[in-house]
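Before any comments, here is the structure.
The values are calculated or read from the model by the stated rules, or taken from the named source; none is laboratory data. Just so it is clear, the structure is predicted and the values come from calculations on it, not from any experiment. With ideal geometry, Cβ positions are generated from the backbone for all residues, glycine too; neighbour counts draw on all protein chains shown.
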Amino acid sequence: MSDISKAFINGKAFIPFITCGDPDLETTEECIVRMQKAGASMIELGIPFSDPTAEGPVIMEASIRALEAGATTDRIFDMAKRLRSERGVTIPMVFMTYANVVFSYGIERFCVKSKECGISGFILPDVPYEEKEEFASVMRGYGLDFVSLIAPTSEDRIAKIASSAEGFIYIVSSLGVTGVRSKINTDIPSLGRAVKSSANVPCAIGFGISTPEQAKEMSQHADGVIVGSAIVKLIAEHGKDAPSYVEDYVRSMVSAIT
Amino acid sequence: MGESKGRFGIHGGQYIPETLMNAVIELEEAYNHYKDDPEFNKELEDLFNGYAGRPSNLYFASKLTEALGGCRIYLKREDLNHTGSHKINNVLGQALLAKKMGKTRLIAETGAGQHGVATATAAALMGMECKVFMGKVDTERQALNVYRMKLLGASVMPVTSGTATLKDAVSEAMREWTTRIDDTHYCLGSVMGPHPFPTIVRDFQAVISRESRAQVLEAEGRLPDYVLACCGGGSNAIGSFYHYINDKDVKLIGCEAAGRGIDTFETAATINTGKVGIFHGMKSYFCQNEYGQIAPVYSISAGLDYPGIGPEHAMLHDTGRAEYVAITDEEAVNAFEFLSKTEGIIPAIESAHAVAYAMKLAPTLPKDKIMVITISGRGDKDCAAIARYRGEDINE
């Protein structure tokens, strides 16, 4: 078990996502420092993948920009290490990436490096419950958590996924891919209740959340709120000047849910 | 827990978002229910024979045999099927299954456009809505097939992400499926993706080798020594191999697209240049860099221009049961022209990759050996592109 639970002890958790290396790793590093300063409870560090099939256009394009700018798994490990040793980031950090990024690095080697860099767990959207042990069994050996996702279509799968979940549960708010949505159509209250009745770990909702109003509404039904595309969009818009905009945005979201 | 399903050796599995898991489970259950259902199989056989024009001929290519001066060569003529390729076999099976499942809408990816045309055809026949994802680059090099799909009532979505080719069309079709599952079946065109697709598509394509095995026994009184097929995702290849897998003396050879050569970056030869990875729902071989980023592959053939290969092929490679060779653009174009001139058969540029390997192998073999080459599709769609390759600009 990792220190992910720390993110959920002071009320509702706000969990921002960032695509590492867009527009460059220096900007990502600064954004993460500012996110902590603005009250984020945990950070999701996206390791870009060339073909992110669970992502909408915003994160897909950010991933391509990051790879073109030279982001690699090793450079992202180095950045995470700096955040811990030099930049005073103490909140939990998890990696979000795709199965092949971890698999091709070597699952064991990936875990060793992650542990060294102060990473607490992993979100792999293309690894469902049925395939989880290939990764989770190795991660467990290093005290790292494999975070499970639950979707609006999970239905009869919720109980088994939730009861064996580690770290926290990522509730996917909507069908489809990541991205800003004006309206979330899923019956979130009943999905949240179903997850909580089987879960032994906290749960956070993501996909489609961008405004403080949406965050406040969603936080009623979970222990935390995850925001990705809205932040990645801010970075796409402001480039190297993004850190202060990201800080202001995270602060507004944190205050909406606390 | 060990709940992983659909393994071929270490390959296969179901590496997909949780949102899609119940959809593939529903598909698996439906398939298991119908695959041995006599009524379903009767309906499918009627479609194969009455609509698609099966069984396809096994043609003794005497001119080709003579010209190459080696073994006896037969061509399994999937190019004579309705819609012009083997793709119709799988599509009729999946569309019928989708209909039984109560789905009213088919989505599909397509590279060369053959699978898209086949899906649009089945949708028209069965009164279903159809949307086809096709890389923008491919919509340009296969413009005729885009028109055919539209004529058949399908909508065609040009995909601009990534390399704007087949892999991106698959990614986009998967994204679309996660947004709309209830009424939609994803009619995957090759023996790839998450379980149960590699098994379902293989079973529907296995008709190729079921027929050819009986046909060659009838014609020659014995099994062939070699079976050749082109191999991108690998649906016509697995269909061509399947009923010979237990016949250990029959050599199975998949012909991959080397593009400009396997020592260049402009290649799509997955087994020859890739390594084991996880992508598009499956573990298999993929062209990728040291950090697992999927490589931008290239081939003159839009249908073979894919960075992965089906998991069953990956296993057949690991066990040595099948061999996978790489054929360059130049070799394939030469074979395209050679078969046209010697036999009066214009093969798809995909299928020409198998013919090209036969042109190397057949002359080295004794005259009493027998080779079966699957001509997976016809080459009308490729004429403009090959003309361009030869420096001739023609209007389609």
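So the values come out like this:
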{"quantity": "Given (1) away from every other protein chain (no Cβ under 14 Å); (2) more than 16 Å from the chain's Cα centre (by Cα); (3) assigned to a helix (DSSP H, G or I), number of the condition B:Val132 does not satisfy", "calculated": "(3)"}
{"quantity": "Condition check for B:Leu75: within 14 Å of another protein chain (Cβ to nearest Cβ), crowded, with 17+ Cβ neighbours inside 10 Å and touching a residue at least 24 places away in the same chain (Cβ under 8 Å)", "calculated": "no"}
{"quantity": "Residues of segment B:233-268 satisfying the condition of being more than 16 Å from B:Leu316 (Cβ to Cβ) and crowded, with 24+ Cβ neighbours inside 10 Å", "calculated": "B:Ala257, B:Ala258, B:Gly259, B:Thr267, B:Ala268"}
{"quantity": "B:Asp393 being over 30 Å from B:Gly12 (Cβ atoms) and either modelled with pLDDT of 95 or more or in contact with a helix residue (DSSP H, G or I) (Cβ under 9 Å, 6 or more places away or on another chain) (or both)", "calculated": "yes"}
{"quantity": "Residues that are under 18 Å from the mean Cα position of the chain (by Cα) and among the hydrophobic types (A, V, I, L, M, F, W, C), drawn from segment B:42-78", "calculated": "B:Phe48, B:Ala52, B:Leu75"}
{"quantity": "Segment B:95-115, subset assigned to a helix (DSSP H, G or I) and within 12 Å of the chain's Cα centre (by Cα), residue modelled with the highest pLDDT", "calculated": "B:His115"}
{"quantity": "Which numbered condition B:Leu304 fails, given (1) more than 11 Å from chain A (Cβ to nearest Cβ); (2) more than 25 Å from B:Asp203 (Cβ to Cβ)", "calculated": "(2)"}
{"quantity": "Qualifying positions in segment B:243-279 - outside any strand (DSSP E or B), aliphatic (A, V, I, L, M) and in contact (Cβ under 8 Å) with a residue 40 or more places away in the chain", "calculated": "B:Ile245, B:Ile262, B:Ala269, B:Ile271"}
{"quantity": "Options B:Ile345, B:Ile386, B:Ile394: the member that is assigned to a loop (DSSP other than H, G, I, E, B), out of contact with any strand residue (DSSP E or B) (no Cβ under 8 Å at 6 or more places or on another chain) and not acidic (Asp, Glu)", "calculated": "B:Ile394"}
{"quantity": "Any chance B:Gly254 is within 14 Å of chain A (Cβ to nearest Cβ) and over 25 Å from B:Ala384 (Cβ atoms)", "calculated": "no"}
{"quantity": "Pairs where the first residue, in segment A:109-135, is in a helix (DSSP H, G or I) and the second is of a type in the set (Gly, Ala, Ser), C-beta under 6 Å, 6+ apart", "calculated": "A:Glu130/B:Ser4; A:Glu131/B:Ser4; A:Glu131/B:Gly13"}
{"quantity": "Test: residue in segment B:281-290 that is within 22 Å of the chain's Cα centre (by Cα) and over 30 Å from A:Pro52 (Cα atoms)", "calculated": "no"}
{"quantity": "Failed criterion for A:Arg251 (all others in (1) surrounded by 16 or more Cβ atoms within 10 Å (Cβ to Cβ); (2) in contact (Cβ under 8 Å) with a residue 40 or more places away in the chain; (3) basic (Lys, Arg); (4) more than 25 Å from A:Ser5 (Cα to Cα) hold)", "calculated": "(4)"}
{"quantity": "Count - residues of segment B:318-327 that are part of a strand (DSSP E or B) and more than 18 Å from the chain's Cα centre (by Cα)", "calculated": "0"}
{"quantity": "Helices (runs of 4 or more DSSP H) lying entirely in segment A:7-107 (those with 3 or more residues that are at pLDDT 95 or above and out of contact with any Gly (no Cβ under 9 Å at 6 or more places or on another chain))", "calculated": "A:25-37, A:73-85"}
{"quantity": "Residue that is nearest to A:Lys216 (Cα to Cα) [pool: residues in segment A:178-198 that are in contact with a strand residue (DSSP E or B) (Cβ under 8 Å, 6 or more places away or on another chain) and among the hydrophobic types (A, V, I, L, M, F, W, C)]", "calculated": "A:Ile188"}
{"quantity": "Condition check for A:Ser182: more than 27 Å from A:Gly21 (Cβ to Cβ) and out of contact with any Lys or Arg (no Cβ under 8 Å at 6 or more places or on another chain)", "calculated": "yes"}
{"quantity": "Subset of segment B:172-197 [acidic (Asp, Glu), within 11 Å of another protein chain (Cβ to nearest Cβ) and touching a residue at least 40 places away in the same chain (Cβ under 8 Å)]", "calculated": "B:Glu172, B:Glu176"}
{"quantity": "Residue match in segment B:79-94 (condition: more than 17 Å from B:Gly53 (Cα to Cα) and either under 15 Å from the mean Cα position of the chain (by Cα) or not in a loop (DSSP other than H, G, I, E, B) (or both))", "calculated": "yes"}
{"quantity": "Residue in segment A:140-163 that is among the acidic types (Asp, Glu) and at positive phi present", "calculated": "yes"}
{"quantity": "Criterion: under 30 Å from B:Ile394 (Cα atoms) and surrounded by fewer than 24 Cβ atoms within 10 Å (Cβ to Cβ) - qualifying residue of B:Val132, B:Val117, B:Val137", "calculated": "B:Val137"}
{"quantity": "Positions within segment B:266-279 being away from chain A (no Cβ under 14 Å) and over 20 Å from the mean Cα position of the chain (by Cα), in sequence order", "calculated": "B:Glu266"}
{"quantity": "Matching residues in segment A:67-103 - criterion: being within 11 Å of chain B (Cβ to nearest Cβ) and either of a type in the set (S, T, N, Q) or touching a Ser or Thr at 6+ places or on another chain (Cβ under 7 Å) (or both)", "calculated": "A:Leu67, A:Thr72, A:Thr73, A:Thr97, A:Asn100, A:Val101"}
{"quantity": "For B:Phe286: the one exception among (1) touching a Cys at 6+ places or on another chain (Cβ under 9 Å); (2) without any contact (Cβ under 8 Å) to a residue 40 or more places away in the chain; (3) buried (at least 23 other Cβ atoms within 10 Å of the Cβ)", "calculated": "(1)"}
{"quantity": "Candidate set: segment A:104-137, residues that are surrounded by fewer than 21 Cβ atoms within 10 Å (Cβ to Cβ) and of a type in the set (Lys, Arg); chosen: the one farthest from the other protein chains (Cβ to nearest Cβ)", "calculated": "A:Lys115"}
{"quantity": "Segment B:164-214, residues that are at pLDDT below 95, touching a strand residue (DSSP E or B) at 6+ places or on another chain (Cβ under 7 Å) and among the hydroxyl-bearing types (Ser, Thr, Tyr)", "calculated": "B:Thr165"}
{"quantity": "Identity of the residue in segment B:1-26, of a type outside the set (A, V, I, L, M, F, W, C) and either touching a Cys at 6+ places or on another chain (Cβ under 6 Å) or part of a helix (DSSP H, G or I) (or both), that ends up farthest from the other protein chains (Cβ to nearest Cβ)", "calculated": "B:Glu26"}
{"quantity": "Of all residues making up segment B:185-242, the number that are more than 17 Å from B:Cys255 (Cβ to Cβ), of a type in the set (Gly, Ala, Ser) and assigned to a loop (DSSP other than H, G, I, E, B)", "calculated": "4"}
{"quantity": "Yes/no for A:Val177 being hydrophobic (A, V, I, L, M, F, W, C) and under 15 Å from the mean Cα position of the chain (by Cα)", "calculated": "yes"}
